[in-house]
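The values are calculated or read from the model by the stated rules, or taken from the named source; none is laboratory data. Predicted model, so just to flag it, every value in this text is computed and none were measured. Cβ coordinates were reconstructed from backbone atoms using ideal geometry, including for glycine residues, and neighbour counts include every protein chain displayed.
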Amino acid sequence: MNNCSRRGRNRGQGRLVNALIILLLTTVVVSACGFNARGSGRQSGSQVVGQLYIEGDASILRALRNELTAQQVQFATKRADADTLVLLDKEELSRRVASVSSVGRVSEYELQHAIDLLTIRSTDSIKAGQLAQESIDKQPQTVSVIRDYTYDETDVLAKDDEERILRAEMSDELVRHLVLRIFAGSL
């Protein structure tokens, strides 16, 4: 009986050793093929865009600067020194009726927050900030976020709060989209 328990224990240890060897070999093979976990090989924002200058007047400008700072982006103090120039224009916050009830009252609204974005990168010998507006052949992209919410006229204060919260969330999402587009436009 003592022998049986030893054989069972030895088999269990043998299986454990085999599992560890397989795990080790799998790790070696995966790392040898160049696989990296998400985010482990990322460059900092300043390596991607260089010195960045933002031009434009938008309600989300402060949040955009904060997000880019969190991504380790370096900001140029003058437009002429910028490796990447970001132009923000035509910010639009809108609300429209999305649906109406059978009695003709609003039952749902659609909120939209949109802005035009143009990202200009330095050429071989000319900094992006030194390029004349006329020489830029790129067209701005419109980046937008849209949300729907139901409306109940018997609970106006709560629905106003819901709209305010949705607008704040939409601004945060719009900033994230802008950061992604700025980085993508700079590659």
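In the set (1) more than 20 Å from Ser94 (Cβ to Cβ); (2) touching a Lys or Arg at 6+ places or on another chain (Cβ under 6 Å); (3) at pLDDT 90 or above, the condition left unmet by Ser186 is number (3). Summed over region 151-171, the residues that are touching a strand residue (DSSP E or B) at 6+ places or on another chain (Cβ under 9 Å), modelled with pLDDT of 90 or more and of a type outside the set (Lys, Arg) give a count of 6. Of the helices (runs of 4 or more DSSP H) entirely within region 1-90, those holding at least 2 residues that are at pLDDT 65 or above, closer than 30 Å to Leu174 by Cβ and basic (Lys, Arg) occupy 61-70.
Here region 121-130 is the region considered, the condition is being part of a loop (DSSP other than H, G, I, E, B) and modelled with pLDDT of 65 or more, and the residue that is surrounded by the fewest Cβ atoms within 10 Å (Cβ to Cβ) is Ser125. Restricting attention to region 145-162, the residues that are within 17 Å of Ser94 (Cβ to Cβ) and surrounded by fewer than 15 Cβ atoms within 10 Å (Cβ to Cβ) add up to 3. Within region 65-120, the only residue that satisfies the criterion of being surrounded by fewer than 18 Cβ atoms within 10 Å (Cβ to Cβ), charged (D, E, K, R) and touching a residue at least 60 places away in the same chain (Cβ under 8 Å) is Arg95.
Tally up the residues in region 135-169 that are among the acidic types (Asp, Glu) and either closer than 30 Å to Thr84 by Cβ or outside the structural domain of Val179 (by TED's automatic domain parsing) (or both), please. Looking only at that region, the number is 2.
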